[in-house]
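Novice: Here it is, the structure in full.
The values are calculated or read from the model by the stated rules, or taken from the named source; none is laboratory data. Treat the numbers as computed from the prediction; the structure is a model and nothing was measured. A quick note on method: Cβ atoms are made from the backbone with ideal geometry, for glycine too, and the neighbour counts reach across all protein chains shown.
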Amino acid sequence: MKKKPAIPSLDAAELRSQAEAKLSERKKKTVAPPATEPDPQRLVHELEVHQIELEMQNEEMLQSRAQVEAGLRQYTDLYDFAPIGYFTLVRDGAIHQVNLAGANLLGVERGALIKRRFGVFVSARSRTTFSVFLDDVFTSGSNETCEVTLQKDGSAPRLVHIEAITKDGQREVCYAVVVDITERKQMEQKLNEAYQKIKTHTKELEMINENLDSFAYSVSHDLRAPLRAISGFAQVLIDTHGDKVNEEMRHYLNRISEGAKKMGQLIDDLLGFSRATRSEIKYEKINVENIVNDLAKAYRDVELDRDIEFIVNPLGEVEADKEMLKVVFSNLLQNAVKFTIDRKKARIEIGSEQKEDHIQFYVKDNGIGFDMRYKDKLFTAFQRLQTDERFTGTGIGLTTVKRIVTKHGGNIWAKGEVDRGAEFCFTLPSKRMLKIDT
């Protein structure tokens, strides 16, 4: 039903004026009175005006009552169906008033809780805590809190948080809010246990990595000596007995020497990968163009007999580890130089693009490209897409690049087409990653 608009409260003069106006309108619809009105008529007039005043006052009162009742219903709904328990307690802890959530917490029908003491629902081990808390509430008159365990028949104990205060200095009644926090505590405990497991696992991984790092350096040191001996003895045989060695023997000696060199390169690459994995990132603001221009100059100086065009677009600045970023661009440019070896004019382009929350870099070349069906092998250790002996390598370089980019919080991918070049893209966050303290 549509509610009538509330009538504003009127003072006596306004009420009289409006009543006179309404009576005048009513009299217009009736036969006009005689010119000379006797006193009884005047009295009737006054009574009619007073009646209209009463009617108007009654209508205003009814509408005000309806508004109060609507507000009371709304308050009652909010009180009864609130997700937390509301209690009104007297000094001895007896329940004076409770909402539905509170009754559910205690596991008793609401009507049956009135005048029962809240303390009987508190577990034995928490009753002293609750008693002290209740005494503090009525003594101090300030806001007090506690955590106690409630015990319902046939149910597991439930931990609750209680907050209570007396109102307006009255020390006979307190108002308490009771929340069920068992699930929250259980979740906090699970999260804490998970955190401790992660912390322990992280320390174990750190120890494993340290051991692997030591092992890598130890192995590299132990392998270099015999490798140098193998390579040296092979070269000595070639140099001292070259005229006595037939072509087949010379071929084998050269293969031995080349194999030793490849093994040495593999050891260097593995150590580089280990350093990229283990080293802590040292953030600093870096001018990326300076790094790329220095690397491009170095490759031009080495590849003097080749026509290589390096196109370095604006690259801007980034916060990253300078030495690690050098490794990334060094490997990507080395790849581009290597796989454009059969091009009359090699073209290598480096650029960047600012995205919403990261910077995207790219290195393009017009080299031999690759088949996209095998793109997943590009960043896997010891996997090489090219078996042509002209393209030497260990298959560690791109794996190292991916590890460094991932460690900075970025991504890397590649696009290519056979005999139509390749493009390697990687991203770095615009803002440095936060290190989680373990």
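Novice: Here are I162, I95, I114, I84: which of them is β-branched (V, I, T) and touching a His at 6+ places or on another chain (Cβ under 9 Å)?
Specialist: I114
Novice: If I ask for residues that are touching a Lys or Arg at 6+ places or on another chain (Cβ under 9 Å) and in a loop (DSSP other than H, G, I, E, B), which ones from the stretch 325-342 would you list?
Specialist: Answer for the stretch 325-342, where residues must be touching a Lys or Arg at 6+ places or on another chain (Cβ under 9 Å) and in a loop (DSSP other than H, G, I, E, B): T340, I341, D342.
Novice: From V302, V318, V292, V312, grab the single residue that is within 19 Å of G397 (Cβ to Cβ), surrounded by 13 or more Cβ atoms within 10 Å (Cβ to Cβ) and in the same structural domain as K364 (by TED's automatic domain parsing).
Specialist: V292 is the lone residue from the list that is within 19 Å of G397 (Cβ to Cβ), surrounded by 13 or more Cβ atoms within 10 Å (Cβ to Cβ) and in the same structural domain as K364 (by TED's automatic domain parsing).
Novice: Could you tell me which residue of the stretch 284-307 is farthest from N331 (Cα to Cα), considering only residues that are assigned to a helix (DSSP H, G or I), of a type in the set (V, I, T) and under 47 Å from the mean Cα position of the chain (by Cα)?
Specialist: V288
Novice: Considering only residues that are farther than 16 Å from K338 by Cα and part of a helix (DSSP H, G or I), which ones fall in the stretch 398-422?
Specialist: Correct list: T399, T400, V401, K402, R403, I404, V405, T406, K407.
Novice: What number of residues within the stretch 356-375 satisfy the criterion of being surrounded by fewer than 21 Cβ atoms within 10 Å (Cβ to Cβ) and over 19 Å from K285 (Cβ atoms)?
Specialist: The qualifying residues number 10.
Novice: Here is a list of conditions, (1) touching a Gly at 6+ places or on another chain (Cβ under 7 Å); (2) assigned to a loop (DSSP other than H, G, I, E, B); (3) modelled with pLDDT of 85 or more, and M433 meets all of them except one; can you say which number that is?
Specialist: (3)
Novice: Which residues, counting only those in the stretch 331-345, are closer than 24 Å to V405 by Cα and among the basic types (K, R)?
Specialist: K338
Novice: Six or more apart or on different chains, Cβ under 6 Å: which pairs go from a residue in the stretch 283-297 that's among the small types (G, A, S) to one that's surrounded by 15 or more Cβ atoms within 10 Å (Cβ to Cβ) and in a strand (DSSP E or B)? Could you list them?
Specialist: Correct list of pairs: A296/F310.
Novice: I would also like to ask the following. Being under 19 Å from L428 (Cβ atoms) and either without any contact (Cβ under 8 Å) to a residue 60 or more places away in the chain or not hydrophobic (A, V, I, L, M, F, W, C) (or both) is the filter; apply it to the stretch 321-334 and report the residue that is surrounded by the fewest Cβ atoms within 10 Å (Cβ to Cβ).
Specialist: E323
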